[in-house]
Every structure is written in C-alpha cells, then in structure tokens.
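> Below is one structure. I have some questions about it.
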Amino acid sequence: MDPIRPDPRRLVPRTDAVLADPQIAAAVARLGRPLVKAAVAAAQQRARDGAIPPAEVARDALAALPDHAASLRPVVNATGVLLHTNLGRAPLSDAARRAVEAAAGCADVEYDLATGRRGPRGAGALAALLAACPAAEDAQAVNNNAAALVLAATALAAGREIVVGRGELVEIGDGFRLPDLLAATGARLREVGTTNRTTAADYAAALGPATGFVLKVHPSNFRIEGFTAEATVAELAALGAPVVVDIGSGLLRPDPLLPGEPDVATALADGASLVTASGDKLLGGPQAGLLLGDRALLGTLRRHPLYRALRLDKMALAALEATLRGPLPPVTRMLHADVQDLRDRAAALATGLTGHGVDARPVDCAATVGGGGAPGVELPSAAVALPADLAAPLRARRVVGRVENGRLLLDLRSVDPADDTALRTAVLAALEGN
Ligand SMILES: *Cc1c(COP(=O)(O)O)cnc(C)c1O
C-alpha cells in the first residue's frame, strides 16, 4: 500500500477516543452508555465505508442520538382525529405535564407529611374526581376502563351473571372484545334482546338470584340506525339490580356538541350504581379507568385483592388530578375550537408555505372525535392541503396528517396552535429533503 496515503479505515478514531469527547461524554450521562456506544459504532462504520470523513465520527454520532433514552417520540397529530389511539389518545395539558414531572421522583402518593404516617393513596386525585362529579358518592381510579370493568365484574359478578344487551357486546379496537374480557373474570354473560332492539322487559326477564349486575355499554365506535330500541339507564335502574354503565369517553357532563355521547352526571342522575370511563378520551387526561357511584359497591371493589393489580401509578394520579382541577385540557379546547380560527390558521400556514414555493392551499374539511367517542359526529375543520407525496417525509419528521382525495391534509383541529410553527418548519424541511 502507498505509504503516503494510508488506508482511510486506519484513521477512524477508536471507540475510547470518541467516548472521551466531552459532548459524547455528556450524551453518555444523559442517555446511558449502550445507546451512545451503538451510535458511535454506527458512525465509525460510516467512516470506514467512506460515507463521512473520519474526523466527523463524534459529530455524526451526536447527530444520530435520540433526545431521550426511550424510543417513544412526540408527534404532531394533524390527522383531524382528536383521540387517535395509535398516537396516544388525549394529549396532556401543560398543567398535567408539570404534575407528572413533580410526581416522577419520590412523592407523597401514600404518605401524610403532617403526621409522618401512611396516607390514603392518590387522595388528591379522588377528591378532584368527586369535586368534578358531585352526583357520585365515591370514586376510584384504576389502570384503564378495561381494568375498571374487570374489577367490577370480578368483585360483583364472578360466578354469577352479568346481564347485558346483545347490541352492546362491542369490540373496542385491535381485537379487544368486551365480552371476552368480562368472561375472563369468571362472570357469566347473560345476553338479552337482539342486535338492534333490546327493551327493559328483556332485562327484567333475565334478572334473578344469579344476577351480579346489569351492564350497559356505550357503543362508542359505531352506530346502529333504523329499527332500533334500547333500554335507558333509568329503566334499568328501576329493575332493582345494580346497574353498571360503561360510558366510554369520560365526558363528565353533557356537551351540546356531542348530543349522543353519554356522560357521568346524567348516568348517575338516571340511577346508575356505578359508571366506568376512560381517563384519556374526552376527559382529556392520562390513561386511567374511572369508577364513580355507589359507596358500598366501590368499597367492595377496593377491598378485592385484584384492585392492587389494577391500581393507578403516581404519575397518572398526578396527571388526572391536574386535568380535573387545572385549565381546560387540549382535547376540550380542540373540540370547541371555533372553525373560523382554524380557517385563519390554515390560511396563514398556507400563505407562509406558498411563499416558499410549496403547493399549499387552505381547505375546509371534517375532523372527528375518534375511536374514543362520538361515532358519526363530524366537526367542521380547516386544513392545509399539500401534495400527497409529502406524507411519508412528514411522518419522518413526526408530523402525521391524512390523505384525502389525493391530497395530504394537515387538519388543524387536532393540532395545538403552539405547534403551527413546527408544522411549517417540518413541511419546508420535508420539501428540501433535510
Ligand atoms: C374505550 C372504551 C373502553 C376501553 O377503555 P380503555 O380505557 O382503553 O381500557 C371500554 N368501553 C368503552 C365503551 C370504550 O369506549
């Protein structure tokens, strides 16, 4: 080999040397050694392949490092689906994020700082839930709504019957079927009525000594139209057995925008013994299962050994309390955003992009609440329409839109206005391929 031009592979810095670089060392402190070492190894390989100069190894490795030690990355949800299950459902409010941060270390989740003794777990979150739902005698929060149903079914109906309408044996998504979940608890499902019509008399005929409770489930992701009938919560409550109502979305009180969506206050006023709901749907909080209603039944649930396996962690308790007590969460603001404001944002964004030569147009469109609730409800919205081939490069920049009629729409109803600038930057970067 030519002695004046040594093999470039020999010039690639050794791993120890790269790890000694102060910025790389700082990255090790932030992200841990394995992640950084892997990035360094990949950069060394690129240098050996001649893709980067050997002197660039540290810089290249630093550029490839993630922001966090976890692989979950923040994305901008421009799909127009407010509660996008694949994108983490409800985004937390700033107040809830700060509460999570405060609870992340050691925190007084089960400790009374005044007495130095053990305190009731998550008392603040439960008090906030009760303050938000004055009609409830008591409240409990568990891991998610599925856990709330499992706990209710196990504690109140194992070895007995859950009386449920045939039209309400729903699949929530991704193969998760409510009847399978309930049957797994050892409770027997006593199905009544037909797919499209079920009356209070159907339930009444099925009640007996084996009844654990009557279950009413909100079909939150589909609608049955036409020749239909269902028993109301009030009719079921009049039958005498405990009535558990799974409202799904966690709406605390009626919302005029969502006339078909059940809410906690109405279900309790109509005589439900227990209401179950998710924390991360229309409530706008963290993943959680809310249980509200009868004090004696909730006591039974809390005393069941399974409760321990389903309880909520301190960070979710903190986020739930802050969601309930703090400023309106993003989901509520997005749901109620004025369409003219959305149009103005779309116009401003499109103008800014057209100025850079992008084929961008503001358009009217329809957003939806999503799998988390309000099936069939369309929310008037506005979007920036872009060439559809920008969809993949934008996803690479963590912006997810939806393709409709051959155009990529960035629907602004599901985007926090504070992210509009990030959208603009991402589109320009996607266009320039950097
Ligand atoms: C979403 C939903 C569930 C499941 O809730 P998770 O919080 O995801 O466990 C159960 N029932 C209904 C009616 C729902 O809409």
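> So which of 29, 104, 95 ends up being out of contact with any Asp or Glu (no Cβ under 9 Å at 6 or more places or on another chain), free of Cβ contacts under 8 Å to residues at least 40 places away in the same chain and not aromatic (Phe, Trp, Tyr)? Spell out the reasoning first.
Values: 104 fails: free of Cβ contacts under 8 Å to residues at least 40 places away in the same chain; 95 fails: free of Cβ contacts under 8 Å to residues at least 40 places away in the same chain.
After ruling out the rest, the residue left standing is 29.
> Within the stretch 383-399, is even one residue touching a Gly at 6+ places or on another chain (Cβ under 9 Å), modelled with pLDDT under 95 and either surrounded by 22 or more Cβ atoms within 10 Å (Cβ to Cβ) or of a type in the set (Asp, Glu) (or both)?
For the stretch 383-399, residues touching a Gly at 6+ places or on another chain (Cβ under 9 Å), modelled with pLDDT under 95 and either surrounded by 22 or more Cβ atoms within 10 Å (Cβ to Cβ) or of a type in the set (Asp, Glu) (or both): absent.
> Go through (1) in contact (Cβ under 8 Å) with a residue 60 or more places away in the chain; (2) under 29 Å from residue 173 (Cβ atoms) and name the single condition residue 420 misses.
Here residue 420 meets the rest and fails (2).
> Would you list the strands (runs of 3 or more DSSP E) that sit entirely within the stretch 329-434 and hold 3 or more residues that are under 28 Å from residue 252 (Cα atoms) and within 23 Å of the chain's Cα centre (by Cα)?
361-368, 378-387
> While we're on this one: I'm trying to understand the selection: among the residues of the stretch 252-270, which are in contact with a strand residue (DSSP E or B) (Cβ under 7 Å, 6 or more places away or on another chain) and either outside any loop (DSSP other than H, G, I, E, B) or touching a residue at least 24 places away in the same chain (Cβ under 8 Å) (or both)?
Answer for the stretch 252-270, where residues must be in contact with a strand residue (DSSP E or B) (Cβ under 7 Å, 6 or more places away or on another chain) and either outside any loop (DSSP other than H, G, I, E, B) or touching a residue at least 24 places away in the same chain (Cβ under 8 Å) (or both): 262, 264, 267, 268.
> So, of the residues in the stretch 272-304 that are farther than 14 Å from residue 136 by Cβ and in a strand (DSSP E or B), which turns out to be nearest to the ligand (Cβ to nearest atom)?
Selected residue: 278.
> Please report, ordered by residue number, the helices (runs of 4 or more DSSP H) entirely within the stretch 159-243 with at least 2 residues that are within 16 Å of the ligand (Cβ to nearest atom) and free of Cβ contacts under 8 Å to residues at least 12 places away in the same chain. Walk me through it before giving the result.
On the way: elements: 178-183, 200-206, 233-237.
Helices (runs of 4 or more DSSP H) meeting the threshold: 178-183.
> Check off (1) in the same structural domain as residue 147 (by TED's automatic domain parsing); (2) outside any helix (DSSP H, G or I); (3) of a type outside the set (A, V, I, L, M, F, W, C) for residue 308 and give me the number that stays unchecked.
(2)
> Check whether at least one residue in the stretch 126-141 is in a strand (DSSP E or B) and either acidic (Asp, Glu) or not assigned by TED's automatic domain parsing to the domain that holds residue 253 (or both), and report yes or no.
Taking the stretch 126-141 first, the residues in a strand (DSSP E or B) are 138-141.
Checking the rest, the ones that are also either acidic (Asp, Glu) or not assigned by TED's automatic domain parsing to the domain that holds residue 253 (or both) come to 138.
Within the stretch 126-141, one or more residues are in a strand (DSSP E or B) and either acidic (Asp, Glu) or not assigned by TED's automatic domain parsing to the domain that holds residue 253 (or both).
> Could you grab me the full set of residues in the stretch 255-279 that are more than 21 Å from the chain's Cα centre (by Cα) and modelled with pLDDT of 95 or more?
265, 266, 267, 268, 269, 270, 271, 272, 273, 274
> Between 82, 130, which is of a type outside the set (Gly, Ala, Ser), surrounded by 23 or more Cβ atoms within 10 Å (Cβ to Cβ) and modelled with pLDDT of 95 or more?
It is 82.
> Further, regarding this structure: Can you tell which of 259, 254 is surrounded by 13 or more Cβ atoms within 10 Å (Cβ to Cβ), closer than 27 Å to residue 279 by Cα and away from the ligand (no atom under 16 Å from the Cβ)?
Details: 259 fails: surrounded by 13 or more Cβ atoms within 10 Å (Cβ to Cβ).
Just a single option satisfies the conditions, and that option is 254.
> Can you name the helices (runs of 4 or more DSSP H) wholly within the stretch 1-79 that have at least 2 residues being of a type in the set (Phe, Trp, Tyr) and at pLDDT 95 or above? Break it down into steps so the answer makes sense when it comes.
Working: elements: 15-19, 22-31, 33-48, 57-64.
In the stretch 1-79, there are no helices (runs of 4 or more DSSP H) which contain 2 or more residues that are of a type in the set (Phe, Trp, Tyr) and at pLDDT 95 or above.
> What are the residues in the stretch 91-116 that are more than 17 Å from residue 313 (Cβ to Cβ) and aliphatic (A, V, I, L, M), if any?
Passing the criteria: 95, 113, 114.
The values are calculated or read from the model by the stated rules, or taken from the named source; none is laboratory data. None of these values were measured; they are calculated from a predicted model. Backbone-built Cβ (ideal geometry, glycine too); neighbour counts: all protein chains shown.
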